[in-house]
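What follows is a short report on a single structure.
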Amino acid sequence: MAAVIQSLARKFRFQGIDLPDPEPTMEPSEVLAHYTQQYPRLAGGKVVDPVTEGDELVYELREGSFGAKG
């Protein structure tokens, strides 16, 4: 029996909004920088390791933390 290799499409999620992969050759950190232009709250943010949902890898983009007041 031959093994079948299937590549999974990537999707990025920010605050419950699914964002398309702007360029499959980009690193996830580059995608974060790309979406920072549209969502400034992502400045200083991070990309969480992906989870598999069906036939997609979903990366969560999280806002940067700017420290506590005080």
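Looking at the stretch 1-34, which of its residues are surrounded by 16 or more Cβ atoms within 10 Å (Cβ to Cβ) and either at pLDDT below 95 or touching a helix residue (DSSP H, G or I) at 6+ places or on another chain (Cβ under 9 Å) (or both)?
Once the filter is applied, which keeps residues that are surrounded by 16 or more Cβ atoms within 10 Å (Cβ to Cβ) and either at pLDDT below 95 or touching a helix residue (DSSP H, G or I) at 6+ places or on another chain (Cβ under 9 Å) (or both), the stretch 1-34 yields 10, 12, 14, 19, 21, 32.
For the stretch 1-24, how many residues are in a loop (DSSP other than H, G, I, E, B), under 17 Å from residue 45 (Cα atoms) and touching a Leu at 6+ places or on another chain (Cβ under 9 Å)?
1
For residues that are among the β-branched types (Val, Ile, Thr), over 18 Å from residue 23 (Cα atoms) and either buried (at least 16 other Cβ atoms within 10 Å of the Cβ) or touching a residue at least 40 places away in the same chain (Cβ under 8 Å) (or both), tally how many sit in the stretch 35-57.
Total meeting the criteria: 1.
The values are calculated or read from the model by the stated rules, or taken from the named source; none is laboratory data. All values derive from a computational prediction rather than experimental measurement. FYI the Cβ positions are ideal-geometry reconstructions off the backbone, even for glycines, and counts take in every protein chain you see.
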